[in-house]
Every structure is written in structure tokens, then in C-alpha cells.
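Colleague: Just passing along the structure, written as C-alpha cells.
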């Protein structure tokens with residue numbers, strides 16, 4: 001069965017600093033990978049996705065992520081965070097073939113210091 | 001374009017009461033899903049429907065039933081609510097592996 005690990009429950013970053021959120025997955029083949037963001041009291045919004053091809057993917061709001069097969073990782077990065085980036089971030093994996101939904105990590109709560 | 005719409009947004013129940021969460025999508029997607037979100041647990045799949053007329057259990061189906069009424073609508077029913085079902089529930093539909101979420105339904109069981 002596929003699984004996703006987000007090692008950091010909370011991360012605190014100063015406004016304007018760079019950000020990297022970690023995500024490791026477990027799946028036998030090349031999965032579909034996603035990052036979603038959830039602002040307080042809101043639903044989940046897709047930041048970016050990786051299906052195949054270029055391993056560096058660009059998303060909305062200035063985020064990017066890099067797929068590294070050798071490390072089974074799909075880390076999310078942003079060069080300079082804004083106070084509005086404070087939110088919960090979820091990494092997710094899909095097997096790519098079926099309709100059995102995405103498997104989510106437990107999330108990383110991002111706090112932005114002024 | 002409304003996307004995925006869930007009702008109600010908030011509900012308080014007493015232990016043993018029943019209720020149904022409604023979900024509808026207008027994107028003509030075949031697959032629909034119900035997840036629950038609990039602090040520190042991420043999102044866990046309760047049930048899903050790959051297409052109209054089919055439903056399957058997810059990771060945490062106990063205590064829930066679902067109905068795929070038609071292609072647009074997928075409801076989640078709690079027959080006898082328990083405090084452990086206090087959670088935020090999200091409905092979603094899928095297109096090419098990507099999930100589109102509703103805004104969530106916050107359920108409290110006393």
C-alpha cells in the first residue's frame with residue numbers, strides 16, 4: 001500500500017526567508033504526486049502536481065517541488081515566503097491508475113514570523 | 001462554476017442520532033470521495049465511488065454508509081453518530097488523478 005510521510009509537524013519561518021517542506025512517499029512504481037494547501041477553516045487547494053517528465057514542477061503562488069526518485073521524495077520549496085503563506089500543507093500520492101483516491105500525509109503546519 | 005458543494009457546513013449531533021452529509025459536483029467527474037480530517041491525522045478516506053452506481057470502502061469506513069445517487073451527487077450517512085465521528089468531512093471529485101475539494105462540513109457529536 002502507498003504511504004506518505006511528512007516529517008515536520010510544524011515549521012516556523014521568517015517572512016522573506018526561503019522554505020522547504022519535506023515529503024517522502026512509499027510506492028512501488030512512479031506515482032502521481034501532489035501538494036495541497038489548506039488555509040484555516042477552508043478546503044484544500046492544489047499547489048502543484050507531478051505526473052511525469054521534468055522532475056522540477058512549478059505551481060501557484062510561487063511554489064515549486066522536485067521529484068527525486070532515488071530518495072522517494074517530493075519536497076516543496078519557495079524562495080521567499082509571505083505572511084499569507086501561513087497554512088497547513090499536505091503532500092499526497094496517487095497510484096495513477098485507479099479511482100481509489102489520494103493518500104495524504106499528516107500535514108505540516110507553517111508559521112510565518114514577522 | 002460552483003465545483004464541489006457540501007451541505008451542511010456545520011452540524012451538532014447527540015450520540016445515537018443520524019444524519020446525512022450531502023455533496024454535489026458540477027464538473028462531470030466520474031469519481032467522488034469522502035474524507036475525514038482530524039488534527040494530526042491528515043485526511044483519511046472513508047468511502048469512494050469510482051462511477052455512478054458503484055461504491056467502495058476506504059481506510060476508515062466503519063460507522064458510515066454512502067449513496068451515489070447519480071453522477072453529480074454522493075452522500076455520506078451516519079446511522080448512529082458517536083463522539084469519535086466528530087471531525088471535519090470533505091467531499092471531493094477526481095479528474096486525471098487530481099482531487100477537487102468542497103469547503104468541508106464540521107460535525108460535532110456530543
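The values are calculated or read from the model by the stated rules, or taken from the named source; none is laboratory data. Just so it is clear, the structure is predicted and the values come from calculations on it, not from any experiment. Glycine also receives a Cβ, built like all others from the backbone with ideal geometry; neighbour counts cover every protein chain displayed.
Colleague: For the structure I just gave you, tell me whether residue A:11 is more than 14 Å from chain B (Cβ to nearest Cβ), in contact with a helix residue (DSSP H, G or I) (Cβ under 9 Å, 6 or more places away or on another chain) and surrounded by fewer than 20 Cβ atoms within 10 Å (Cβ to Cβ).
Modeller: no
Colleague: To continue, here is another question. What's the number of the only condition in (1) modelled with pLDDT under 95; (2) within 14 Å of another protein chain (Cβ to nearest Cβ) that residue B:1 fails to meet?
Modeller: Residue B:1 satisfies every listed condition except (2).
Colleague: Restricting attention to region A:54-68, does a residue exist that is closer than 18 Å to residue A:11 by Cα and out of contact with any strand residue (DSSP E or B) (no Cβ under 7 Å at 6 or more places or on another chain)?
Modeller: no
Colleague: Restricting to region B:22-41, name every residue that is away from chain A (no Cβ under 14 Å) and under 14 Å from residue B:104 (Cα atoms).
Modeller: Selection gives B:22, B:24.
Colleague: Still on this structure, please answer the following. Quick one: residue B:41 ticks every box in (1) surrounded by fewer than 20 Cβ atoms within 10 Å (Cβ to Cβ); (2) at pLDDT below 95; (3) in contact with a strand residue (DSSP E or B) (Cβ under 6 Å, 6 or more places away or on another chain) bar one, so which box is it?
Modeller: (3)
Colleague: Could you check region B:62-110 and list, in sequence order, the residues that are crowded, with 20+ Cβ neighbours inside 10 Å and under 9 Å from the mean Cα position of the chain (by Cα)?
Modeller: Once the filter is applied, which keeps residues that are crowded, with 20+ Cβ neighbours inside 10 Å and under 9 Å from the mean Cα position of the chain (by Cα), region B:62-110 yields B:66, B:74, B:76, B:89, B:90, B:91, B:92, B:104, B:105.
Colleague: Related question: Can you go through A:92, A:17 and tell me which one is touching a residue at least 60 places away in the same chain (Cβ under 8 Å) and within 9 Å of chain B (Cβ to nearest Cβ)?
Modeller: The conditions single out A:92.
Colleague: If you go through region B:42-56, how many residues are within 10 Å of chain A (Cβ to nearest Cβ) and either farther than 30 Å from residue A:10 by Cβ or without any contact (Cβ under 8 Å) to a residue 24 or more places away in the chain (or both)?
Modeller: Here the count works out to 10.
Colleague: Further question: Got a number for residues in region B:1-11 being in a loop (DSSP other than H, G, I, E, B) and exposed (fewer than 14 other Cβ atoms within 10 Å of the Cβ)?
Modeller: Residues flagged as in a loop (DSSP other than H, G, I, E, B) and exposed (fewer than 14 other Cβ atoms within 10 Å of the Cβ) within region B:1-11 amount to 4.
Colleague: Does residue B:14 satisfy the condition of being loosely packed, with under 14 Cβ neighbours inside 10 Å and in contact (Cβ under 8 Å) with a residue 24 or more places away in the chain?
Modeller: Yes: the conditions hold for residue B:14.
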